[in-house]
Amino acid sequence: MSSIEFANKEYFWLLTILIPVIAWYIWRLKKSAASMNISSLGAFKNTGRPWKYYFRHFMFGLRILSITALIIVLARPQSTDKWEDRKIEGVDIVIALDISGSMLAEDFKPNRIDAAKEIGMEFVSSRPDDRMGLVVFAGESFTQCPLTIDHAVLLNLFGEVKSGIIEDGTAIGMGLATAVNRLKDSKAVSRVIILLTDGVNNMGNISPVAAAELAVEYGIRVYTIGVGKNGMAPYPFQTRFGIQYQNVEVRIDEEVLQKIAEKTGGKYFRATDNDRLREIYKEIDSLEKTQLEVRSYSQPREEFAIIMLIAICILVLEQILSLTILKNTF
């Protein structure tokens, strides 16, 4: 059931101005009253009063009503629904995304990094009640977006990710360690990292296995995804004659990725194209369903529009009546 509250209650103090307005009206009414001396009222005993007599205060009443309505509008009436219990997913998730140069290979459409971004953003949008964050890594790693429930901000930062913004290389251990650092203080029932890479760890001062042990220490589950088709993949090279393509070998350290997943209680997946990557995210989505029962309250809704309309109608009615049938009514 909805209830009405006022965002600017202090404006109700303006109602006090009606007191002097009404007092002035009464004083003016008495001062303007005419009188005459006659010997007897008998001749007027059966004389009826004109219809305008009964509407002599109607115009003033309309003005008081319109002022009151405008003050209520300034107080901003808002309706809110009652508290309600609902179930949400109590999971904090960080996506650790490899943005090294090899992610530009085009065995995915349009390439690995853009496919990973697009499908990762779909995953974020599908879990509106979870806090999520984004870590990117190549030769080093950094947090692109910390854990947040504001998915609009996360999606915006996700869209800005591109290869080449940090030193090239593949520091899987650093990327995983940074993601663990974002989750270690989380109070969520379930804490998860989704690690996507297409290569072999060749940079950074933290090994992938050491980073996995950190994740185990903090109770963080890691799902690892190897991105790339089997065999060779077309890769764009910049030459003085423009972009040239050359097939390069796909080398993913699946043994290490499997070890990370096993140590942390997660699972390893191999994505060979866009559809398979989308299926993997759906499987992870189904695996991570920790429900919490919470109380939620709806956002307040502005309700001043109808009162503003009433105030305008009253003012218009007052003007029409004052210029027509009640023109000479005091």
Completion exercise
Going through region 185-214 in order, the residues found to be charged (D, E, K, R), buried (at least 16 other Cβ atoms within 10 Å of the Cβ) and in a loop (DSSP other than H, G, I, E, B) are Asp198
Exercise for the section: Taking Asn156 as the residue in question, decide whether it is out of contact with any Asp or Glu (no Cβ under 8 Å at 6 or more places or on another chain) and more than 30 Å from Gly231 (Cα to Cα). Expected result: yes
Exercise for the section: Within region 101-129, count every residue that is over 13 Å from Arg278 (Cα atoms), in contact with a helix residue (DSSP H, G or I) (Cβ under 9 Å, 6 or more places away or on another chain) and surrounded by 21 or more Cβ atoms within 10 Å (Cβ to Cβ). Expected result: 4
Exercise for the section: Considering (1) modelled with pLDDT of 80 or more; (2) closer than 22 Å to Cys313 by Cα; (3) not hydroxyl-bearing (Ser, Thr, Tyr), say which one Phe58 fails and leave the rest. Expected result: (1)
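Condition first: part of a helix (DSSP H, G or I) and either modelled with pLDDT under 95 or more than 18 Å from Pro146 (Cα to Cα) (or both). Now tell me which residues in region 164-184 satisfy that. Steps first, answer last, please.
Narrowing region 164-184 to residues part of a helix (DSSP H, G or I): 172-183.
The answer is Ile172, Gly173.
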Exercise for the section: Within region 123-136, identify whether any single residue is out of contact with any Cys (no Cβ under 8 Å at 6 or more places or on another chain), at pLDDT 95 or above and closer than 19 Å to Ala171 by Cα, and answer yes or no. Expected result: yes
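Can you find a residue in region 142-159 that is assigned to a loop (DSSP other than H, G, I, E, B), touching a residue at least 40 places away in the same chain (Cβ under 8 Å) and more than 17 Å from Val94 (Cβ to Cβ)? Outline the logic, then answer.
So the first thing to find is which residues in region 142-159 are assigned to a loop (DSSP other than H, G, I, E, B), and the list is 149-150.
Of the ones still in play, those that are also touching a residue at least 40 places away in the same chain (Cβ under 8 Å) are none.
No.
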Exercise for the section: For region 98-109, state whether one or more residues are touching a strand residue (DSSP E or B) at 6+ places or on another chain (Cβ under 7 Å) and under 21 Å from Val180 (Cα atoms). Expected result: yes
Problem - region 113-141, residues that are β-branched (Val, Ile, Thr) and not in a strand (DSSP E or B) - result: Ile113, Ile119, Val124
Practice task
Please identify the pairs in which a residue from region 302-317 that is over 19 Å from Ile64 (Cβ atoms) has its Cβ atom under 7 Å from the Cβ atom of a residue that is surrounded by fewer than 16 Cβ atoms within 10 Å (Cβ to Cβ) and not hydrophobic (A, V, I, L, M, F, W, C), counting only partners at least 6 apart or on another chain.
Solution key: Glu303/Ser79
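Can you list the strands (runs of 3 or more DSSP E) found entirely within region 215-330 that contain at least 1 residues being under 39 Å from the mean Cα position of the chain (by Cα), at pLDDT 90 or above and not small (Gly, Ala, Ser)? Let's see the steps before the verdict.
On the way: elements: 221-227, 232-239, 242-249, 268-271, 291-296.
Filter on region 215-330 gives 221-227, 232-239, 268-271.
The values are calculated or read from the model by the stated rules, or taken from the named source; none is laboratory data. Being a predicted model, the structure only gives us computed values, none of them experimental. Neighbour counts run over all protein chains shown; Cβ positions are idealised from the backbone, glycine included.
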